[in-house]
Amino acid sequence: MPIFNFYRFENKQVDNGPSFFAAEEAAEARFNQGKYQSPRECFGSFFTSKQRHQLSIMKSHGSAGAYNHELYNCDVVVSACQNVILLELESNGTKTTIENKKRVKHPNHPYCRVIIDNREGYQIVAIEKNAAFSGDTDKAALVLQKGFNQKLSVYGREIVIQPLHKKTTDFWPVVWDIRKKFNDRVRFIKLDFRGEGENKSADGLMALITQLARKGDCAALLELSHKPGSPEINLQELHDDLTNIAAICLNEGIFDLTVHFAHFGCYRYGADIMAQFGIEEEAISSFGVELLGCFDGNSPTFALIQWMDKMNEILKDYANTGILQKGRKKGPRRKAC
């Protein structure tokens, strides 16, 4: 199941820049700059059709203060559909192979999927956590922010992307929230081995399980699933034990506790306590293609949009944690860029 890290973004006027959407300048600005009635519509205009954006990012080169521009390919896979967009953002790297007994480097461009929810009151960016950008979604967020801000600058606008972290380190509130708000149930819970922080190891049994995971190149250390015929695992009986395991995940930094629900997707809990949630692959692949039937009088919609509606409710309990910037440390283990 694909895991996404969640961010909020603000569409704001550039400091000391022109305000093409101020009330007194709106008519003239729309005449000179285009047909956009609002900043939200202006930003959404970059995603109204399937196309490739090349995002230019200035990076320092060497120690002499020189800079160069690096281009990142960003494809609009599903154009603005009910103001929700699906992108594929490529990272730039190299892959080494052995040819004629020599190491040869080749360009390598793994990509991550990005969901932008540009609806009024939502302003969500969800970035897939995978091999792209070495698994650091903050790097991908910076590329999106800087790249699209160059395009928005002619309108006197910029987007500011902010990571979302839990307001509390408690494991259970999100679990109970999803069950109650969306009438959902827990299918299984997995303890995953993150594979980072090789110098760290938990004590006792956790140390032994960790050693087995490393030897076997495994991901999941433990899985608790409901019995056949039972709708849900007994969370009340597991409460204290899972609370202790969650504390280990929070402190050690090499484990994640992932709760899989029957309908919602999954919720991941770990040391960085960032908003991490998963959704079934089918909901992503069917976006823009297959509408869900509605029996409650509402208009048909897509599974991905239904999920983003739920995420907007869940993320109200998460806090913005500052502005992304180069060198910003994120948790005890890594840098943003």
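Every number in this text was worked out from the coordinates using simple rules, so none of it is lab data. Just so you know, these numbers come straight off a predicted model, no measurement behind them. Neighbour counts run over all protein chains shown; Cβ positions are idealised from the backbone, glycine included.
Things worth noting here:
- Normalised by 2.2 N^0.38 Å, where N is the number of residues, the C-alpha radius of gyration of the range 107-173 stands at 1.33.
- Our estimate of slack between E232 and T169, defined as 0.36 nm per intervening residue step minus the Cα-Cα distance, is 20.2 nm.
- Approximate spin-label separation K316-K50, in nm, with each point projected 7 Å along Cα-to-Cβ: 3.7 nm
- Gain upon complete extension [N108, N251; 0.36 nm per residue less C-alpha separation]: 48.1 nm
- FRET efficiency, K151 to A66 (Cβ-Cβ, R0 22 Å, nearest 0.05): 0.35
- Summarising the label geometry, the points placed 7 Å from Cα in the beta-carbon direction at L291 and F188 lie 3.6 nm from one another.
- Nitroxide proxy distance, nm - points 7 Å out along Cα→Cβ at D240 and S38: 5.2 nm
- Charge context of I245, other residues only, Cβ under 12 angstrom, K/R +1, D/E -1: -4
- Neighbour-count order for W172, W307, fewest beta carbons within 10 angstrom listed first: W172, W307
- Summing charges over neighbours of D317, with a neighbour being any other residue whose Cβ is under 14 Å away from its Cβ, gives +4 when K and R count +1 and D and E count -1.
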